[in-house]
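The values are calculated or read from the model by the stated rules, or taken from the named source; none is laboratory data. Given the structure is predicted, the values throughout are model-derived calculations rather than measurements. Positions of Cβ are generated from backbone atoms using ideal geometry, with glycine treated the same way; all protein chains shown enter the neighbour counts.
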Amino acid sequence: MKGSNKKDDEVVDQTDDYVVSDFLKQSSGQSEFKTPDGYFDGFQKNVQDKIHNDKKVWWQLPQIRVAFSGMACIIVIVAIVNNMASTNEVVQYDFSKDELIAYFSDNIDEISENDIIDVMLDADLLEAQGFGEVDSTKVKSKINEEVPTSLYDISDEEIYEYMLDEGYEDGDWDNL
Amino acid sequence: MNWTDEDIIDKIKDNKTVDYGFNLLLEKYQEKVYWVIRRMVIDHESSDDIAQETFVKVWKNLDKFKGESKLYTWIYRIATNEALTHLRKKKRRFFLSIGDIENELMSTLEADIYYSGDVIQLKLQKAILTLPEKQRLVFNMKYFEELKFREIAEVLEVTVGSLKAQYHHAVKKIEKYLKED
C-alpha cells in the first residue's frame, strides 16, 4: 500500500494523497483483501486450461457455422421452390381422352357406374347419353323437357306402347 | 530473472517460444491484473473469472498487439474493460441502479470471507465504493496500484489533465465521506 512519503513527480496536489494515507494511519496496515492459499500458484495452469478448452474444433469456427447455415437455407429454399413447381405441374397437367379411357378401362372394376355419374357434370352426362354437345346453362330445362318428372305426366298411349314393347298382350296388364 | 516487457514480446513474436513468452507474461502480470480487478468487483470468485478471461483475451489477441502502446498498459486496458463490463452486466441482470450496485458491493465486501480489513479499512473501502465506476478505477490505480497519471491515461485512453481532475474529485468525496460518517 502506498505510504505518505511516496515520491511521485506527477502528483500535482500531494494533499490528495495525504488525505487517505493519514486516515489509514489509524489502521493496522495489514493487507485487507485476501485470496485462497496458493491461488496464484495455480493461476497459470487455470488460464492455460481455459485457453486449451476454448480451442474450437473446425466445425465450431464462426466462418464454418455461417457457411453451413447459408447452405442449409439455400437447400431449404430450393426444396420449397421445387415442391411448389411440381405441385403446379400436376394441377396444370392436361390428360388426353385416350389416357383417361385407358386409365378407367384398367380400373373399371374399382369404379362403379354411380361413382362416375356422381362426378360427371349434367352437361357431360347428357352428352354421353347422345344429346350431342350441350350448353350447361340449358341443361336443367332440357332435363325437365326430356325426362318426365311424374307418372301422371305419361299419357295412356305411352303406357300402352311401353307394355306392348315389353311383351304384354292387350288387356294382360289389367290383372297386374 | 526479471524479464522486461520487450523480452516477453520478443519471445511471444517467435513461434518457437510463444508459449514460453506467454507464461512469462502470466507470471509477471497475473497478480497486478488480479488486484486491479479485485478492487473493482470486490469478490474473489468474480475477480478470478475476470482475471482468467483477461488473459485468455490477451492470448487470443497477441497477434493484434503492435507494440504501439506498452505491453502492461495494453493488458491493464483489457482487464479494466472486462471489470467494467462485468459490473454493467451485473447492473442489467439484476436491474440495479447506481445506488443499488454500491449497496450490493458493500454487502459483498462485508460478507466476503477473503476480506479481512479492519474497521478503518472497511470504512475507506465503503467510501471508495460511493464513487462512480471510472473515478473508482482511477483512484484504485493511482492510490493502490501506484500507477502514474501518464500510465493510467494510456490505459483508459484519456488525457492526463482529466485524470488529475477525476482523482482530485475522488479524494474530496472520500474525505467528505470519512469526515461525515
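Does region B:134-154 contain at least one residue that is in a helix (DSSP H, G or I), on the phi < 0 side of the Ramachandran plot, modelled with pLDDT under 85 and not hydrophobic (A, V, I, L, M, F, W, C)? Full working, then the answer.
Quick first cut of region B:134-154, residues in a helix (DSSP H, G or I) only: B:134-144, B:149-154.
This time we only want the ones that are on the phi < 0 side of the Ramachandran plot, so: B:134-144, B:149-154.
Filter once more, keeping what is modelled with pLDDT under 85: none.
Among the residues of region B:134-154, not one is in a helix (DSSP H, G or I), on the phi < 0 side of the Ramachandran plot, modelled with pLDDT under 85 and not hydrophobic (A, V, I, L, M, F, W, C), which makes the answer no.
Here's the yes/no breakdown for (1) of a type outside the set (Ser, Thr, Tyr); (2) more than 23 Å from residue B:176 (Cα to Cα); (3) touching a helix residue (DSSP H, G or I) at 6+ places or on another chain (Cβ under 9 Å); (4) touching a residue at least 60 places away in the same chain (Cβ under 8 Å):
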| position | (1), (2), (3), (4) |
| --- | --- |
| B:112 | yes, yes, yes, yes |
| B:119 | yes, no, no, no |
| B:150 | yes, yes, yes, no |
| B:153 | yes, yes, yes, no |
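Which helices (runs of 4 or more DSSP H) does region B:1-104 wholly contain that include 2 or more residues that are away from every other protein chain (no Cβ under 14 Å)?
Working: elements: B:5-13, B:18-41, B:44-60, B:71-93.
The qualifying helices (runs of 4 or more DSSP H) are B:5-13, B:71-93.
Given (1) outside any helix (DSSP H, G or I); (2) more than 9 Å from chain B (Cβ to nearest Cβ); (3) surrounded by 10 or more Cβ atoms within 10 Å (Cβ to Cβ); (4) at pLDDT 85 or above, where does residue A:35 come up short, assuming only one miss?
(2)
Applying the selection to region B:144-175, what residues are within 13 Å of the chain's Cα centre (by Cα), of a type outside the set (Phe, Trp, Tyr), at the interface with chain A (Cβ under 7 Å from one of its Cβ atoms) and crowded, with 16+ Cβ neighbours inside 10 Å?
Scanning region B:144-175 gives no hits.
Quick check on residue B:82: is it among the acidic types (Asp, Glu) and closer than 26 Å to residue B:150 by Cα?
Working: among the acidic types (Asp, Glu): yes; closer than 26 Å to residue B:150 by Cα: yes.
Considered against the rule, which asks whether it is among the acidic types (Asp, Glu) and closer than 26 Å to residue B:150 by Cα, residue B:82 comes out as yes.
Which numbered condition in (1) closer than 30 Å to residue A:53 by Cβ; (2) within 14 Å of another protein chain (Cβ to nearest Cβ); (3) at pLDDT 85 or above; (4) over 12 Å from the mean Cα position of the chain (by Cα) is the only one that residue B:112 fails?
(3)
Residue A:30: within 14 Å of chain B (Cβ to nearest Cβ), closer than 30 Å to residue B:54 by Cα and at pLDDT 80 or above, yes or no?
Working: within 14 Å of chain B (Cβ to nearest Cβ): yes; closer than 30 Å to residue B:54 by Cα: yes; at pLDDT 80 or above: no.
In short, no.
What do you reckon, is residue B:120 assigned to a helix (DSSP H, G or I), within 11 Å of another protein chain (Cβ to nearest Cβ) and under 17 Å from the mean Cα position of the chain (by Cα)? Quick ask: steps written out before the conclusion?
Values: assigned to a helix (DSSP H, G or I): yes; within 11 Å of another protein chain (Cβ to nearest Cβ): yes; under 17 Å from the mean Cα position of the chain (by Cα): no.
No: the conditions fail for residue B:120.
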